Amino acid sequence: MRNFRNVHARLLLAVSLALTVGLLGAGATAAPAAVEQPFATQLVRVNVPTQEARDRLTTLGLDLTEHGGPTYVEVVLHRLDDATRLATAGFTWTVTIPDLALRQLQNNEIGARYAAVTTTSPLPSGRDTYRTLRDYEQELRTLAASNPSLVRLFSLDRRSLEGREILGIEISRNVTSTSDGKPTFLIMGVHHAREWPSGENTMEFAYDLVRGVSTGDARITGLLDRARVLVVPVVNPDGFEQSRKWGDLVDLREVDNGGTVTILGTPGNAYKRKNCRLEGLDATPSGACEITSPGGFGIGVDLNRNYGGLWGGPGAAETPEDPTYRGSGPFSEPETQGVRELISSRHVTTLITNHTFSNLVLRPPGIRAAGETVDEPAMYELGARMAAQNGYRNIHGWQLYDTTGTTEDWSYNATGGYGYTFEIGPNEFHPPFPEVVDEYLGAGLYTGKGNREAYLLALEAAGDPAHHAILTGRAPAGAVLRLTKEFTTATSTGPGIADSLESTVTVPGNGRYTWHVNPSTRPEVMEHRVRLLAEEPTRSQTFNWTGVWMIGDHVDFEFSLPETNVGALKVALDWPTPDDLDLYVYYRNPDGRLVEVGSSGNFVLDKEEALVELPEPGSYVLRASNFASVTPSFTLTASLHGVVGEDVFGGNVVESYRLTCERPDGTVLQTATATVDRGRTSRIDLKDCQRRFSG
Ligand SMILES: [Zn+2]
C-alpha cells in the first residue's frame, strides 16, 4: 500500500495551486472564482444540550445534516461566515471532517482502489463504483427492455427544471396488467443531490427483484405476485448531476499520475443538497445551476421540505439562500409535484424514501407537536423490524429535529400509506463505495440482512392486507373502475391546499374485481389521543454498571413490574460521553421469549430514553448495548409514571372514496360510495353498471 501521508503532502500543494488558478479540468465550463478565504468546507458536530438549543439551531440558516444524537446535530460549514454565525449565536462545536474536499479526494482514492481489485461486487448489479446520472438512465431503460413482462419504464409527469426526464421503473409479475388491483410499494432515492448511496440502494433493490424472478427465488416471486414496486432512484436529477460531476473532479488519480490538476480548493458542488431552482424563473438555463456559491447550496429548493403536508412550518426555511429553503409554495417544484402525482394515482401502501446519513429509520410525524399518528403501533413495529436488519435507530422524524413539508408527512396524511425515511450510513453523505455494499447487503452483526432485507420487509408489509384495505365485488368485465377523493391538505401557513387522489383498475374477464387500496379515511382527520404523563414517578429503580465491554456487547438488567394500570414505564440511560450506547426494553413472555417493546429511539429528550406506554405487568429486561463505546460505566434508571391528562387531535371524521364504474371511453354508468378501513374488505357489487354496460 502506498504511503498516504506523502500523497497528502502533494495534495495540499495541489489544492493551493487550484486555489490560485481555479478549476483547470478539461472541458470544464464556467469555472467559479477561487474562494477568497482559505476556509475549508467542513463537517462539524454542534452541541445542542437542550430542545430549545436544537430548535434555535434550525433557525440559523445553516446546512444541517440528518445526523444528530441526543445532544448534538452535525452541520456542514461552507464558509467562514457560517462558522461566525454559529459562534455568534453562542453555539460550540467539534470538527468531524475538517476538509470535505480532502475527504472527497480520499474517498475517491479508496473507491478507485476498490474498483481496481473488484471485477464484480457482491451487489445484485455487480457494480463497484457510484453511478452517474447517465448510468441510472441507461440501466433503467435496459432493465425494462430486457424484461418486458416484469419491468416497465415510466417517467414522472413533470420534467426537472433543467428539462430532464425523471425516470423510474415499475416491477411486478405481469407488469403491464391493468386489472390485477395489486397494492404498491414505492422506493425512492436522491431527493438531496449529495446523497449518492440513496440512489444506489434503491437501484440495487430493483436489480435484486429482477434477479430474484429470473433465478426462481420463491420469496421474491411471491412478493411480486402480490404487489407492484415503483422504483425512482433519482428524484433530483439536476442536483445529482452537479454533485456527482464535481465529486469526480476532485480526483486523486489525476494528481498521482502527474496529469492535469483537477482537484479543487472547495468541493465545488459535490456537497450540493437542493435542486436547481433559480428563484423567479420557470426553468433553469443551461449551465446556470453550476455557477453558485461555494458548495452549491445557495440556490435551489430543498425538495424534502417542499411537499404539501404542513408546508411552511418549523425546520423549513423561508429564504432561498437557506439550505432548507422550502420553495415559494407547497409543491412548487416539478420534482415533488411529479412524485405527488405518482403517489396520488396509485395505492402506495408503503413507501421508503432513501437519504444519507445517520443510520436512522424515520417515521411520521415530522414535528413533535403533532403527537403520535393513529397508526403509530403498526408503523413503530414495522420500523423496528426493518431497523433490526440494518442496525439503524427506529425513531420519529421529529426526534432528529422538527421538519415540515417532508415526503411521508404529506403522503401518509393524504393517502394513509405508511411512509419511512431511511438515513443510510453512519457518518457521511457519499462515503467510499464499499460502504454502499455493506449498507445494502449488511455487514458485521447484520451480514446477510442490511437494507436489502429491510426493503423486502417493507415490500411484504405493502402487500399485506392487514395494513391496507380491499374493495371487491362484481362488475362488468372490461369496465374501468375509478376511485377519487378530494380534500384539503393542511399547511402550516394559510388555509391549506386542494388535494386529490385518483386511480383506476380494469375489471378482469371473470367480472370480479379485487382492488387493494389505502383506507378511505385519512389518518389526519381521525381522532387520536396523546397521554400526558406525571413528571414525578410513582416508583423508580437505578442500576449502575462499571466494567469492560467490547463494541457489540450488551448488558441486561431484570426489572419487575407487579403494578397494574401504570401510565408509562420510562427507562433512561446516562453515561459520560453521549451517543455511543443504545437502549432496548424487552417484555419477557410467559414462554421466556423476549419481545422488544421500546428502544432509545422511542422517545428522545435530552438524553437516551425509552418510553413504554401502558406497560403490561410482568418482567422486563432492560438492555444497554454497546454500539461504539469505550465508556466503562453507565447508569440506567427505570421509573413508573401515572397519567394526568390527555390531548386530543383530529375530529373522528369518516371519509369515503367516490367509486365510478365506466365504459372504456369514460362514460360513467354508476357512481357508488366506498368506505373502507385499514385491514378491512368492503364488497361493492356494481349491478347498475352491469345492466347498463351490456345494454
Ligand atoms: Zn437527505
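Can you pull out every residue in region 334-363 that is away from the ligand (no atom under 16 Å from the Cβ) and either open to solvent by less than 10 Å² (accessible area, probe 1.4 Å) or part of a helix (DSSP H, G or I) (or both)? 334, 337, 338, 340, 341, 342, 343, 344, 348, 349, 350, listed by residue number.
Reported count of residues in region 114-149, each being small (Gly, Ala, Ser) and part of a helix (DSSP H, G or I), is 5. For region 659-676, the tally of residues that are open to solvent by less than 20 Å² (accessible area, probe 1.4 Å) and among the acidic types (Asp, Glu) stands at 1. In region 130-140, the condition of being open to solvent by 60 Å² or more (accessible area, probe 1.4 Å) and over 26 Å from residue 464 (Cα atoms) is met by at least one residue. Among the residues of region 303-316, at least one is open to solvent by less than 40 Å² (accessible area, probe 1.4 Å) and in contact with a His (Cβ under 7 Å, 6 or more places away or on another chain).
Looking only at residues in region 63-91 that are open to solvent by less than 10 Å² (accessible area, probe 1.4 Å) and part of a helix (DSSP H, G or I), which one is nearest to residue 400 (Cα to Cα)? Restricting to residues being open to solvent by less than 10 Å² (accessible area, probe 1.4 Å) and part of a helix (DSSP H, G or I), the top hit is 86.
Checking each residue in region 371-400 for being touching a strand residue (DSSP E or B) at 6+ places or on another chain (Cβ under 7 Å) and closer than 18 Å to residue 58 by Cα picks out 396, 397, 400. If you go through region 655-676 and keep only what is in contact (Cβ under 8 Å) with a residue 12 or more places away in the chain and among the aliphatic types (A, V, I, L, M), you end up with 659, 669, 672, 674, 676.
Okay, residues lined up against (1) at pLDDT below 95; (2) over 14 Å from the mean Cα position of the chain (by Cα); (3) over 26 Å from residue 484 (Cα atoms):
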site: 343; (1), (2), (3): no, yes, no
site: 360; (1), (2), (3): yes, no, yes
site: 363; (1), (2), (3): no, no, yes
site: 405; (1), (2), (3): no, no, no
site: 414; (1), (2), (3): no, yes, no
site: 421; (1), (2), (3): no, no, yes
site: 440; (1), (2), (3): no, yes, yes
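On the stretch given as region 169-203, residues that are in contact with a Leu (Cβ under 6 Å, 6 or more places away or on another chain), of a type in the set (D, E, K, R) and open to solvent by less than 10 Å² (accessible area, probe 1.4 Å) total 1.
Scanning region 392-427 for residues that are assigned to a loop (DSSP other than H, G, I, E, B) and surrounded by 24 or more Cβ atoms within 10 Å (Cβ to Cβ) yields a count of 9. In the set (1) under 34 Å from the mean Cα position of the chain (by Cα); (2) open to solvent by 40 Å² or more (accessible area, probe 1.4 Å), residue 541 fails one condition alone, (1).
Does residue 489 meet the test of being touching a helix residue (DSSP H, G or I) at 6+ places or on another chain (Cβ under 9 Å), within 16 Å of the ligand (Cβ to nearest atom) and under 30 Å from residue 657 (Cβ atoms)? Here the answer is no, as residue 489 does not meet what is asked. Report whether or not residue 416 is away from the ligand (no atom under 15 Å from the Cβ) and on the phi > 0 side of the Ramachandran plot. So residue 416 passes the test.
If you filter region 485-506 down to residues that are surrounded by fewer than 14 Cβ atoms within 10 Å (Cβ to Cβ) and in contact (Cβ under 8 Å) with a residue 24 or more places away in the chain, you find that the one that is nearest to the chain's Cα centre (by Cα) is 500.
Just one of the numbered conditions (1) within 16 Å of the ligand (Cβ to nearest atom); (2) in a helix (DSSP H, G or I); (3) open to solvent by 10 Å² or more (accessible area, probe 1.4 Å) is not true of residue 436: (3). Of the residues in region 600-607, not one is modelled with pLDDT of 75 or more and surrounded by fewer than 21 Cβ atoms within 10 Å (Cβ to Cβ).
The values are calculated or read from the model by the stated rules, or taken from the named source; none is laboratory data. Not measured: the values here are computed from a predicted model. A quick note on method: Cβ atoms are made from the backbone with ideal geometry, for glycine too, and the neighbour counts reach across all protein chains shown. These area figures cover heavy atoms from the full protein model, side chains too; ligands, DNA and RNA do not enter into them. Shrake-Rupley method; radii C 1.70, N 1.55, O 1.52, S 1.80 Å.
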